Structure formats: C-alpha cells, structure tokens
Amino acid sequence: MVDTRVTLSGITLDNPVIPASGTFGYGHEFAELYDINCLGAFSFKGTTRAPRFGNPTPRIAEAPAGMLNAVGLQNPGVEKVISEELPKLREVFRKPVMANVSGFSVEEYAETCALLDKEEQVGWLEVNISCPNVHGGGMSFGADPSAAAEVTKAVKAVTRKPVFMKLSPNVTDIAAIAKACEDAGADGVSLINTLLAMRIDLKRRKPLLANRTGGLSGPAVFPVAVRMVYQVYEAVSIPIIGMGGVSSAEDVIELMLAGASAVEVGAANLTDPFAARDIIKDLPRVMEQYGIDTLSEIIGGAHNG
Amino acid sequence: MKQGLYRIESNRPLTADVWELRLAGDTSPITAPGQFVNVRIDGLYLRRPISVCDWDGDGLTLIYKVVGRGTAALARMAPGGELDLLCGLGNGFDVSKCTQRTLVIGGGVGTPPMYGLAKALLRAGKTPAAVLGFNTRDEIFYETEFRALGIETTVTTVDGSAGIKGFVTGALPEDYGYYCACGPEPMLKAVYRAARTSGLLSFEERMGCGFGACMGCSCETRYGNKRICRDGPVLEKEEIIW
C-alpha cells in the first residue's frame, strides 16, 4: 500500500491533487459528477472584493495542446462567496478548501483576505498576483519583487491562515519573485499561472479573443512549469504548489520531483471533467511503477546529486 | 450530464458544408430539445459543442456545419468509429412554456435543434409551425424532414432561389402564441424585434468546458450573469439585453 499523503503548512492532504482556481468553479458542477472528497483539496474560483463580470466574449480559444482564456476574474465578490458559495460548498466538500484571491490594490487584497480569514472551511489563502487578463491589477503585482512582497506583507498582516502567493511565469526571473515573497513572510508559493498569449482569426484578421490577449494553459505549458518549479525550489525553502498543464499521474510525480509539495490540475478539468479524479485513482499504480512508497519523500528528488 | 462513448452509425453531407451525424449510445442525459453535446476530437484540445437535432432511446442525430479544424475533422469520421461526448448539456427549450401554436424559427445551422423541438411539441399535443431561413437554395436542409412531421413549414431564402425571398422575419405567420428561435445572432435580434409574443432564443458562444465550470461563455442578462453553456443556451426573451 503506497502513501499518497502530503502536508501543506501543517494540513495533511490525502493526496497532492488540487483542482486549480478558475477550472473548478466553487465545486458544484463537479460534485454532481463524482464525490469531490477524493481530492486533496481544491482552489476555488478567483475571488475579488467586489463582484466582477469579467471580460467580453470570446474569452476562450484553442491552442496546440492547450487553450487560451481571458475570463477576467468573473466572480460574485467575496461577500457573496462567503454568504452563498461556502455554505453550499460545505454540503459537498468536507475538507479544507484553498481560497483564491485577486485584487487591484494592496488594500483590496488585504480586505478580501481579512474577510476570508474568518471562514473555518478555508485552509489556505492562495493570493493571485499573476492574472494576465485584467488591467491595472493582477499580474502587475507579480511582475515586480517589491510589489509582490508588499502584497504578501499586507495579506500576512490580516490572516493567520497559511498564505501561498500565486506567481506569474511572464517574468524574467520567477525565482527572484518567489524569494521576495518568502522574505516577506509567505508560507508558500503556487506556480505557474498562465502564459500570456494571443491567437489571430485569419478570416477577420483580428485577435480571436475580445481581450486580444489571454493566458495559455494545458499540456503545452507543462515543461515550462517543470522548469520554473525546479528553479524556484533551488531559491526558496517554503513549499511550492506546482501547476501548469498537469494531465496525468506521471505529470504529478514529475512536478513533485522538480520540487512541488502539491500539484494543481487546471485546464484538464475543462476537457475531461473526471480528470482530477482519474489522476488520483491512477497515482498509486504509477507510484508502484516507479518504486515510490511514500509520495512526500520524492519532493525535490530531481535536485539530489 | 454524462460522459460516454458513442458509435458512429452514419456521417453524411446534407449540403456543401453541412453534415448529419447519427450516433448510437446512451441518450438518457438528454432531457430537453435544444440541449447540446461537447465532442472530443483527436488532435484538438477543446471539445466542440454541437446541438442535438434529434434523439430516441437508441441514439442521437447531430447536424453541424464545417467551419474550422474541429468540424472538418468531424466530417472525416467514418461509420463504426467512436466519439467521446459529454451529453445532455445546457438547459434546452422548456416545452411547457410553449403555447398550443408555437413558431419554431431556425436560421441556417441553427435549424437542427428546432427539429427535435418540433417533435417534442407534437408529443406534448401542440401544433407547432416552422419557419426556416437559409441564404440560398443549395444551403437548404431538413425541409423534407420538417414537412414529414406534418407541420406547417415555411422556407425563406435571402436570394429568393427557393421559398419566400428574404429573411425569416418577413415570413412569420400572424396567428401564434409563442415562439422559439435558433440561428445567427443578427437573425435572433431581428426575430426578437419583429415577434409580437414572448419567446425563447437559443444562443451560440465559444466555450471552454461546456458544463459551467470555466466561465468562458458568460453573458449579462436582466436576470443576472448567465453561462450560455449551463444556464443557457436558451434564454427567455424578457431577460435578454440588446
């Protein structure tokens, strides 16, 4: 019997598989299909202080081995998430949930996190400083070490829950941003968010997405994620949640060898709603195939020697 | 919604670029006409949403227009092959809202779901009438099938090469109590403005997941934000913001 458990900031997960924010809503669409308590945890839809409709459509485009999205952080706002979504979520998910938070100012990040700090069901805060699809916010905080540190400090000051800063791959040196977050008190980092991308419609001769640019995700970005997790693991000593195109149990193990303590599954949930469940089911078999008894022991294993 | 494998029974062209695909498999997830399936296609990442034209206990019929790589790949699929579908997506048309004489209005490749709707209305003891709009004679499909249902069927073509010349809005009968429409957005908008009664309109949008998780196909309505894939594709006339 293999051991798939991992620990994130003192909370033990049955397995390292966490559906990524924005690909799993607040859980209900998937809870209708399978018992989502098989998940290690999940990161709910990116939540902001005020309700947001997001970007105009089209918001989605096809890419080779992946997809672009420019949803633009559509969400009902943190107050409604607390009053409506979390009570509904408690009925279908008994484990701690990861609260994904976005903002447009340091104050807004702190206000939203302070409200979520009071929620018992929230196990961790995942602070998105890397959304490529909104203007005047999101990624601008994640592209500069001092801005990233400022958000980290402001959030840490208002919560006792572990804080994971979600980082952008659209930077020259992701390890420097991760280090700045660690120095500012972050309990961990999540990476990678989507890669800034564009498709052009040949018939209209215009960008396909109404937002013009969008974030690339899916298997196309997986090797980028592996490289960045590997680099960040060398730069920081806080835990890393790895993500970016994960589609199989083998991908989970690869990202963990690169240095991830847990792994998020994103785009795969959208093309196959059972993807996260099936990866979890498959994990023991693949662990046995590679002679792994205790999954947590392989974290960062690719760095040895 | 259910995920399943469906066997291709036939896949044939109806016009130069519109194809009819008959699939055998579990249709229990389909609960209303106007719902759709999301089809996995080898070599493409995102599934492709296609409306259900008709279904029974053994399988379903999809009609699609070849507009890009996904639908072109679908047109190359041969009988005997299998397709992975998410089946029974979206709300579909609520037949209970339709009056005794309801117009079913289809434009181009928006026509297929209106066929399943017309059959459902007949099953419910109602007497629908169909108005089907196409650009030109060569693009007409399923006129015979609609007529075979025994319902009043009017065809329009923009160039007048068959049926009544012009758009569907120029051929709406006088006596109807409700309408249901599916077609390109300019047609829906014209019907919305021309129709005297309340109605249901089915919309198209580029989708990510097709089952409500990704917020890729959201729209604003008078009843709040809706996901075309999950809360639609059918919206009530009263909630649409134009």
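Placing a label point 7 Å from the Cα of A:Thr172 along the Cα-to-Cβ direction, the residues of segment A:143-160 whose backbone N falls under 12 Å of that point are A:144-145. The alpha carbons of the protein assembly as shown stretch over 76, 48, 45 Å along the principal axes, in descending order. Two numbers describe the Cα atoms of segment A:127-216: Rg and Dmax, which are 15.1, 53 Å. Size of segment A:67-110 from its Cα atoms: along the principal axes, largest to smallest, the extents are 32, 31, 17 Å. Solvent-accessible area of segment A:152-305 (1.4 angstrom probe, protein heavy atoms only): carbon and sulfur portion equals 50 percent. Normalising the Debye intensity of segment B:136-242 to I(0), with uniform scatterers on Cα atoms only, and taking log10 at q = 0.15 Å⁻¹ returns -0.76.
In this structure segment B:1-109 gives 39 Å² per residue of accessible area when probed at 1.4 Å with all protein chains present. Of interest is the spacing of the C-alpha centroids, which for segment B:203-232 and segment A:245-305 amounts to 31 Å. Let me know the shape class of segment A:1-64, please: from the alpha-carbon gyration tensor, a ≥ b ≥ c as square roots of the eigenvalues, rounded when a/c is under 1.5, otherwise prolate if a/b is greater than b/c, or oblate. Note, shape of segment A:1-64 comes out prolate. Between segment A:27-82 and segment A:109-126, what is the separation of their alpha carbon centroids in Å? Cα centroid to Cα centroid, the span is 17 Å.
If you average over every viewing direction, what projected area does the convex hull of the Cα atoms of segment B:1-113 give, in nm²?
Value for segment B:1-113: 7.3 nm².
Amide H to amide H distances under 5 Å link A:Val246 with A:Gly266, where only residues 5 or more positions off or on other chains count and H is placed in the peptide plane. Over both sides of the A-B contact, add up the buried accessible area with a 1.4 Å probe and give it to the nearest 100 Å². Using a 1.4 Å probe on protein heavy atoms, the buried area is about 2500 Å². Remark: the Cα gyration tensor places segment A:34-100 in the oblate category, a/c being 1.5 or greater and a/b not exceeding b/c.
What is the ratio of the Cα radius of gyration of segment B:129-183 to 2.2 N^0.38 Å, where N is its residue count, to two decimals?
That ratio works out to 1.08.
Taking every Cα-Cα distance in chain A and sorting them into 20 Å bins from zero, the calculated P(r) comes out as 37, 59, 4 percent.
Run the numbers on segment B:111-205 and let me know its relative contact order in percent, using alpha-carbon pairs under 8 Å that are six or more apart. Please list the in-between numbers first.
Numbers: 126 pairs, mean separation 20.5, N = 95.
The value is 22 percent.
Size descriptors for chain B (Cα atoms only): Rg and Dmax, in that order, 16.9, 49 Å. Quick one: grab the alpha carbon gyration tensor of segment A:6-122, order the square roots of its eigenvalues as a ≥ b ≥ c, and give me rounded if a/c is under 1.5, else prolate or oblate depending on whether a/b is larger than b/c. In terms of gyration-tensor shape, oblate. Taking every alpha-carbon pair in segment A:107-156 and binning the separations at 10 Å intervals from zero gives 25, 52, 21, 1 percent.
Inter-part distance, segment A:1-19 to segment A:187-242, computed on C-alpha centroids, equals 24 Å. Per-peptide packing, taken as the mean over residues of other Cβ atoms within 10 Å, places A:101-113, A:28-40 in the sequence A:101-113, A:28-40 from highest down. P(r) tail, segment B:75-193: Cα-Cα pairs separated by more than 18 Å, 53% of all pairs.
Have a look at segment B:1-15 and report residues whose accessible surface goes down by 20 Å² or more when the remaining protein chains are included, against the chain on its own, probe 1.4 Å, ligands and DNA/RNA excluded. Buried by the other chains: B:Met1, B:Gln3.
The values are calculated or read from the model by the stated rules, or taken from the named source; none is laboratory data. The structure presented is a predicted model; accordingly, all values stated were derived computationally and were not measured. Because the Cβ atoms are built from the backbone with ideal geometry, glycine has one as well, and the counts that use them run over all protein chains shown. Surface accessibility is based on the protein's heavy atoms, side chains included, excluding ligands, DNA and RNA. Shrake-Rupley method; radii C 1.70, N 1.55, O 1.52, S 1.80 Å.
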